[in-house]
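Comments concern the structure below.
Values in this text are rule-based calculations from the coordinates and carry no lab data. All values derive from a computational prediction rather than experimental measurement. Quick reminder, even Gly has a Cβ in these numbers, built from the backbone with ideal geometry, and neighbours come from all protein chains shown.
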Amino acid sequence: MREIVLDTETTGFEPADGDRIVEIGAVELFNHVPTGRTYHQYINPERMMPTSAFEVHGLGDDFLRDKPRFAAIAQAFLDFIGDDAKLVIHNAAFDMKFLNAELGWARLPLLPMERALDTLLIARRKFPGSPASLDALCRRFGVDNSGREKHGALLDSEILAEVYLELIGGRQPDFGLGVVAPQTAAEFASAWRPHPRPTRLPPLITETEAAAHAVFVEKLGEKAIWRRYS
């Protein structure tokens, strides 16, 4: 199962007001294990960065001026996430709103909301009444976020990937313990052989019960089925 842990950074809170995406970061998981494949892109928002956004992102107009516009990188982004991978996002409604606004402006197909898996909602259901921000979840699970002095889409995606794995049950140990298991049923059948039990199991009936059973069998005569296996 392929999943993409995703984060965006934006100039503000509402694309309808002209806010745009300035950074996308994504991490690929396969069967809940990071593959090492990532996607990261800075984007020219085609507008001046507000002072507040500059403080949050550490990104300024000079830095973003020569970066590509979203339309220029949109297909590469879509190719990375693929057609059916779940998109694991913290506060998914926010990021999906911006991604679909940008895709719409680029005249590309929008991302169905059902592709998004919202870790914020998972955390709120699992820990009702507790803080559910990414930083709060890092503290809860002991995930190192010391490098998160400033928001960064790829760093946040990497941290969220660790938090997500904890939210769904934590990292599982290697139950194989270094033994390579047979790959097919036939190989398994040929590899396994029964062995006699080193110590015979003790009987589960009492001596009184055994004596009563012997009397019962004696009354049934010579053809009693129990006599065949005694």
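Across segment 3-20, coupling constants 3J(HN,Hα) worked out from phi with the 6.51/-1.76/1.60 Karplus curve, θ = phi - 60°, read 9, 10, 8, 10, 8, 10, 10, 9, 7, x, 10, 9, x, 5, 8, x, 5, 9 Hz, and Gly and Pro carry x.
Are there any trypsin sites (Lys or Arg not before Pro) in segment 57-148 that are in a DSSP loop and have at most 13 other Cβ atoms within 10 Å? List them by number. Of the trypsin sites (Lys or Arg not before Pro), the ones in loops of segment 57-148 whose Cβ has at most 13 other Cβ atoms within 10 Å are R65, R107.
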